[in-house]
Amino acid sequence: MTKRGESGLTRIGDLLPEVLPAGLFDEVIRPEDVGYTHPVFLQCFMPLRHKPSNHQRWQTDCGRASLVMRAGELVNPTNPHSFKPCIVPAGAKVRIINAYINDFILRERTATVPLGDSMRDAMERMNISIGGRNGKELERELQNFAAAEIILGVWDEHGNAHQEQAKIARRLSFWIERNPNQKVFWQPEMIVSSEYYNAITEPDRMAPFYWPALVGLQHNPRAMDIHSFLVYRLRNGLKRPVTLHAKVVHAMFGRDIKHLYHFWPEFKKSLAEAHKFYPTAIVEVKNDCVILKDSPPLIPYRKMHRIGRADEA
């Protein structure tokens, strides 16, 4: 039974069978466990799953910002003079692909991202299967992501509106290679657009995420999003509690579920899953809101390291 205090609030830790001691969890954060991306991807999320309603266009909102993704099309590498339509990327695999691409761009300071053997090696190091159905899903979402267009709209407190728009890939090259066992592999190389590259590498906009959580939660993309948001939102501490009302939480994490009363139980389950990978986060839920309180950051500043060519010299 869920424990409740006199205030009617529920500590997320009370929803879990066990929680790692804070000190122990802090010690297992390694530099290789930390990746970096643009903050917009830690607040505005791609679809959780493919549905007819989000195949061509997807919009999600967070605070004063809205993210729109539009589907594109790619050349068909096996059929000359033909193109194949893509759909808006969705699901757990595109979250991992997006994290990999953005982290690679930030670390290497290059717009050219090899997505064949290098990504395969990265997936294997993270114990993500690259064969069979899993491999086909990775390939499909990689194509969907490469072909997509992103529009970011921001409305400030003064009534001004700003828009940034970018195709993700400027160029995508395909070639077919065979491994020693004569298995054919699809080997793409992506060059992201200058607009996308500039947005990702914008000074002071680098935000950390936790690789083990993305991998460990890939069975539940909603939990992946919640965890990423908590890591980002609690990274610098909070001077006062932040209250997120149910409608705001629904807009961020539940656009796949029409009714709030259906979404709320699913959200609490996913929040509990996400909390397993950030047990020191102080999060409380009430009937109609989520309350974030000042918490030890999952990735303390001392765990972050400067990245880029200047630091490799």
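Give all pairs with beta carbons closer than 6 Å in which a residue from region 227-246 that is at positive phi meets a residue that is in a loop (DSSP other than H, G, I, E, B); count only pairs at least 6 apart in sequence or on separate chains. The qualifying pairs are Gly237/Asp294. Restricting to region 112-141, give me the number of residues that are modelled with pLDDT of 80 or more, among the charged types (D, E, K, R) and touching a strand residue (DSSP E or B) at 6+ places or on another chain (Cβ under 9 Å). Summing the residues that are modelled with pLDDT of 80 or more, among the charged types (D, E, K, R) and touching a strand residue (DSSP E or B) at 6+ places or on another chain (Cβ under 9 Å) in region 112-141 gives 1. Gly91 falls short on exactly one of the conditions (1) at positive phi; (2) free of Cβ contacts under 8 Å to residues at least 40 places away in the same chain, and that condition is (2).
May I ask you to verify whether Tyr197 is in contact with a Leu (Cβ under 8 Å, 6 or more places away or on another chain), part of a helix (DSSP H, G or I) and at pLDDT below 95? Let's see the steps before the verdict.
On the way: in contact with a Leu (Cβ under 8 Å, 6 or more places away or on another chain): no; part of a helix (DSSP H, G or I): yes; at pLDDT below 95: yes.
For Tyr197, the condition - in contact with a Leu (Cβ under 8 Å, 6 or more places away or on another chain), part of a helix (DSSP H, G or I) and at pLDDT below 95 - is not met.
Here region 38-71 is the region considered, the condition is being among the polar types (S, T, N, Q) and touching a Cys at 6+ places or on another chain (Cβ under 8 Å), and the residue that is modelled with the lowest pLDDT is Ser66. I'd like to check something: does region 253-269 contain any residue that is surrounded by 22 or more Cβ atoms within 10 Å (Cβ to Cβ) and assigned to a helix (DSSP H, G or I)? Yes, because at least one residue in region 253-269 is surrounded by 22 or more Cβ atoms within 10 Å (Cβ to Cβ) and assigned to a helix (DSSP H, G or I).
In region 76-100, what residues are surrounded by 15 or more Cβ atoms within 10 Å (Cβ to Cβ) and not in a loop (DSSP other than H, G, I, E, B)? Step through it out loud before you land on a result.
So in region 76-100, the residues surrounded by 15 or more Cβ atoms within 10 Å (Cβ to Cβ) come out as 77, 86-100.
Hits for region 76-100 are Ala92, Lys93, Val94, Arg95, Ile96, Ile97, Asn98, Ala99, Tyr100.
The values are calculated or read from the model by the stated rules, or taken from the named source; none is laboratory data. Keep in mind that this is a model prediction, so the values were computed, not measured. Neighbour counts are summed over all protein chains in view; Cβ atoms, including those assigned to glycine, are modelled from backbone coordinates with ideal geometry.
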